[in-house]
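Please treat every number below as a calculation from the coordinates, not as lab data. Model, not experiment: these values are computed from the prediction. FYI the Cβ positions are ideal-geometry reconstructions off the backbone, even for glycines, and counts take in every protein chain you see.
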Amino acid sequence: MNRRPTRLLTTVVAGTAAAVLLAGCGGGDGDSKANDEIAGADTGTETPASPTPTATAAGRPKIELPSDLTLVFEDTKTGDPVKDIVLADSAERMRAVDAAITGTDPKGEALAYYNTGKAREASLSWVAQFKEAGATLTGQARYYDRKVTLRSGTSAALIFCADESKGFSKDKKTQKIAKTPVTKNSYVLYNTRLDKNSDGVWQTSQIISTRGAAQCQP
């Protein structure tokens, strides 16, 4: 697994780049292992100005990904319509970040639409790292064991796992894919917070990832 811009690997602690940021609903994750990936980490890359969302809830931005990149989301139906919307908007958030990285959404409009606050800042930093490295994404990422807890009518916590064993970074110029062996670090635990905005969109506001988490291992 290597969904990280390879030329940036030496700029961050323990050779892992930043993927997401701060803890979901209560500060840190209580574990400062080197395998944890914090977005917005200082890599010397300037964070670009935050794009302004241009779509409304009635006209959500259309997200397209390159033909060589596939995101698979499991557990889409819970029987609770509100939780199902939270799951759907979280999935769109993940797709929006990858669309900004791969260039199918160069202005980052979908990224701005589905992220807010620190999550938006960290997402922009993550995209900037790929741009600086001249890298993009290819392969497949699978998201599973997605569990929603509604904290109020406008706040929710979502925990889920990611299987990145078939996802890789790719050099834009050479098209060379940076394939690496599958290890426990190919599996990532995400702990996120989403807040419902005035347009009815559940935006990701905070997120932490733990690479190699035991509960996500196959």
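Computed 3J(HN,Hα) for the stretch 201-218, one whole-Hz value per residue from the Karplus formula 6.51 cos²θ - 1.76 cosθ + 1.60 where θ = phi - 60°, is 8, 8, 8, 6, 10, 8, 7, 10, 10, 10, 7, x, 4, 4, 6, 9, 5, x, glycine and proline marked x. The amide H of Lys176, built 1.01 Å from its N in the peptide plane, has Asp171 as neighbours under 5 Å, considering only residues 5 or more places off or on other chains.
Assuming R0 = 25 Å, what is the FRET efficiency of Val182 and Asp75, from their Cβ-Cβ distance, to the nearest 0.05?
0.65
Residues whose amide H comes within less than 5 Å of that of Ala135, counting only those at least five positions distant or on another chain, are Lys172 (H built at 1.01 Å from N in the peptide plane). Residues of the stretch 108-151 with an amide N closer than 17 Å to a point placed 7 Å from the Cα of Gln175 along the Cα-to-Cβ direction: 135-139. Just round it to a whole percent: the fraction of Cα-Cα distances in the stretch 125-218 exceeding 21 Å. Value for the stretch 125-218: 47 percent of Cα pairs lie more than 21 Å apart.
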